[in-house]
Amino acid sequence: MFTLVVMAAGIGRRFGGDKQLVEVGPNGETFLDYAIDSAVRAGASKVVMVVRSAIEADLRAHVDSRHRSLQDAGVTFAYVRQDEHGPARAKPWGTAHAVLVTAGEVPGPFVVCNADDYYGPAALRTLASAAVELGDDEACLCGYGLGRTLSATGAVSRGVCDVSGDRLAGIVEHHGVARRADGTIAAAEPAAELSDETVVSMNLWAFPKAALDWIGDSFERFLADHRDNPDSECLLPVIVAERMAARALSVRLVSTAEPWIGVTNPDDLEAARAALADPSTTGPVSAT
């Protein structure tokens, strides 16, 4: 058994609004519906939604309506307001902070995902299997080929992975990643030439319960340096990289041939809906 942590507190600046409840599936499914369904099928006994206070009521109503059968079957749903933890500011404190605030609701190993990405059921099954076998100094990341994660309508940010065998050797967050007119891929900051096969993180992780302790320590150090910066974010890939550099964490890297589907910019929405309309892509999603 494991817990699924869904990071659903983002403000969708590039999209122009909340993406958490945008209907993308042929029957009104949201991205988080696919994640919840796949995780429960893989053995999740609890789902923790990390939310902002402003959208909690709408998310609760959606989950209660869409996943009543899972609740009746004994799957527990919990909600944690990210904006009620840490110093107050308009922008959330980042993905590491989002995971940290779930500490009181996560009883054991857990899988982390974004609320606005489609990962595929096989990816969730793989992470679920890894989660229950992790030691306290281990984690697992599902990587995707960069070429399958780009937006056709604008640049994106991606955690670019350095891979050694089946282990993550390092990870660097790159911004302004886009395909040029000649078909090559480049990142603006830090500047880099990348390939379609470059492995990137889409924030699909498995961690042991013990990870919440060092994530908390990292966030406290982050606050000491960035408390007064309204735009800084404590990012999960960054603190994982720091922990690895200190030789205190070993990260297994797994991959999937399944498609990743997401929406970064508003013009990505129709392409995502077209991809998710294909039953061979998604399989069934629970609804009552």
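Please treat every number below as a calculation from the coordinates, not as lab data. Source: prediction; values computed, not measured. Cβ sites come from the backbone with ideal geometry, for glycine too, and all protein chains shown count toward neighbours.
Calculate how many DSSP beta bridges within the chain are antiparallel, expressed in % of all such bridges and rounded to the nearest 5. That works out to approximately 55 percent antiparallel. Among the GluC sites (Glu not before Pro) found in the stretch 182-224, those both in a DSSP coil and sparsely packed, with 12 or fewer other Cβ atoms within 10 Å of their Cβ, are E197. Among the trypsin sites (Lys or Arg not before Pro) found in the stretch 204-258, those both in a DSSP coil and sparsely packed, with 10 or fewer other Cβ atoms within 10 Å of their Cβ, are R247.
Altogether, the Stokes-Einstein calculation at 25 °C and 0.890 mPa s, with the Kirkwood radius of the stretch 110-252 over Cα pairs as Rh, returns a diffusion coefficient of 152 µm²/s.
Here the dipole of the stretch 10-109 is about 340 debye; that uses its Cα centre as origin and unit charges on the Cβ of Lys and Arg (positive) and Asp and Glu (negative).
D64 to E133: FRET efficiency via 1/(1 + (r/R0)^6), r the Cβ-Cβ distance, R0 51 Å, to the nearest 0.05? In this case the efficiency is close to 0.95.
Measuring between their Cα centroids, the stretch 21-82 and the stretch 210-251 lie 27 Å from each other. When only alpha carbons are used to place a centre, the stretch 97-135 and the stretch 152-174 end up 19 Å from one another.
The order of the peptides 52-60, 146-154, 2-10, 119-127 by mean Cβ neighbours within 10 Å, most packed first, is 2-10, 119-127, 146-154, 52-60. Calculated from the structure at hand, mean projected area of the Cα convex hull in nm² is found among (i) 20.2; (ii) 15.4; (iii) 14.1 as (iii). About its Cα centre, the dipole of the chain is roughly 220 debye, where the only charges are +1 on Lys and Arg Cβ and -1 on Asp and Glu Cβ.
Over the chain, DSSP H runs of length four or greater, each weighted -39,500 (n - 2.57), average out per residue to a 222 nm ellipticity of -8500 deg cm²/dmol. By other beta-carbon atoms within 10 Å, ranking K91, K46, K19 with the fewest at the front produces K91, K46, K19.
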